[in-house]
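What follows is a set of notes on a single structure, which appears directly below.
Where a number appears in this text, it was derived from the coordinates with a stated rule and is not lab data. Because the structure is predicted, anything quoted here is derived from the model rather than measured. Using ideal geometry, Cβ is built from the backbone for each residue, glycine included, and neighbour counts are taken over all protein chains shown.
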Amino acid sequence: MFRLAHPFMLYLLLVIPVMILLYILAGRMKKRAFEKLGEWPLLQKLMPDYSGSRGLLKLILLLIAWVFLVIGLADPQTGSKLEKIKRKGIDIVFTLDVSNSMLAQDIAPNRLERAKQAINRLLDNLENDRVGLVVFAGRSYVQMPLTSDYSAAKLFLANINPGMIPTQGTAIGEAIETSAACFTKSKQSKAIILITDGENFEDDAVDAAQNAASNGVRVYTIGMGLPEGAPIPIFNSGVQIGFKKDRTGNTVISRLNDELLKEIASSGKGVYIRANNSQAGIKEVFDQINSLEKVEYDSKIFSDYEDRYQFFLLAALLFLIAEILISEKKSRLAGKLNIFQSKEQD
């Protein structure tokens with residue numbers, strides 16, 4: 001693999017046409033100055049050591065030096081090969097509810113943001129485990145397949161919001177099935193961490209959790225919200241303009257469904273933790289998951305890139321030294337080798 005660490009430095013190559021233009025302009029100015037002094041054949045005899053081709057050679061050397069210098073500043077890097085690194089860990093899929101009810105603020109700043117913050121902190125403590133991300137509302141989607149690239153996971157996590165799924169609702173059963181499909185057929189311990197307020201209106205989530213458990217996937221649930229609940233805010237261009245109301249004009253209160261989430265966790269051979277304003281439950285669930293058997297697996301990654309700028313800077317220095325050492329005057333040897341000069345008659 002080859003890449004440039006600082007590709008924007010290549011814009012400095014645009015200086016080359018400017019240097020050539022300046023050389024041409026300087027040559028014309030010099031020629032005009034010579035013409036004022038006299039005829040060129042006469043001036044050649046008066047300046048036997050002058051060489052116009054030497055100036056062109058020096059320019060070429062200077063341009064080559066500049067090209068190598070710019071490439072060196074761009075820092076070419078090479079990665080030698082793909083390396084297989086043995087890792088031991090478990091596979092975890094975070095299944096995150098992004099329905100509008102997750103915007104309720106009974107858990108500060110709101111249920112969804114608190115869940116994202118908790119997952120972020122957990123990613124900082126992971127080492128060899130692979131993680132995936134599924135989001136759901138009325139439908140469910142794989143936001144990120146299983147990976148050990150936690151930086152990518154944080155990037156995907158930061159972009160999650162309720163507007164990313166147009167179909168509103170809470171289809172927990174479908175979300176569990178989508179999450180279970182993320183796992184490969186391997187000996188890895190597998191776990192789904194379902195983070196939701198538990199308001200399921202679409203399907204049989206308990207049956208989906210039972211099917212996942214029968215295939216070796218444990219389902220853990222984290223309830224985001226408080227039993228007393230909170231209204232669902234409505235936003236317009238990022239500004240809250242009120243709360244969601246039902247058909248009769250009453251404010252809708254979103255409440256945590258403890259009983260359903262306990263039943264899902266029990267059917268999925270996992271545990272249920274309720275989040276509150278002091279703790280989000282992720283750590284407690286992960287402590288349970290961490291006790292599962294960790295299986296060794298192969299992970300292919302590129303070896304670290306190595307800098308190669310030194311070679312280009314050295315080449316630039318050598319060409320620059322050569323340009324400095326070459327004089328614009330003819331050497332004595334060149335004068336002696338001027339076989340085209342005719343002998344003058346007495």
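How many percent of all Cα-Cα pairs in region 85-300 sit more than 26 Å apart? It works out to 30 percent of all Cα pairs. Restricting attention to region 92-175, close to 45% of DSSP beta bridges with both partner residues there are antiparallel.
Checking the table 88/185; 116/187; 190/262; 244/283 against a 23 Å threshold on Cα-Cα, which pairs fail? Walk me through the numbers on the way to the answer.
Details: 88/185 16 Å; 116/187 29 Å; 190/262 19 Å; 244/283 32 Å.
Where the Cα-Cα span goes over 23 Å, the pairs concerned are 116/187; 244/283.
The local environment of residue 213, defined by Cβ-Cβ distances under 13 Å, has a net charge of 0 under the rule Lys, Arg +1 and Asp, Glu -1.
Tally Lys and Arg at +1 and Asp and Glu at -1 over the other residues with C-beta under 12 Å from the C-beta of residue 153: what net charge comes out? Mind dumping the intermediate values first?
Details: positive: 116, 130, 154; negative: 124, 129, 149.
With Lys, Arg at +1 and Asp, Glu at -1, the neighbours total 0.
Summing charges over neighbours of residue 231, with a neighbour being any other residue whose Cβ is under 14 Å away from its Cβ, gives -1 when K and R count +1 and D and E count -1. Between residue 21 and residue 290, the distance separating the two model label sites (each 7 Å from Cα on the Cα→Cβ line) works out to 6.4 nm. Over region 122-215, all Cα pairs binned in 10 Å intervals from 0 give whole-percent P(r) values of 15, 47, 33, 6, listed from short to long.
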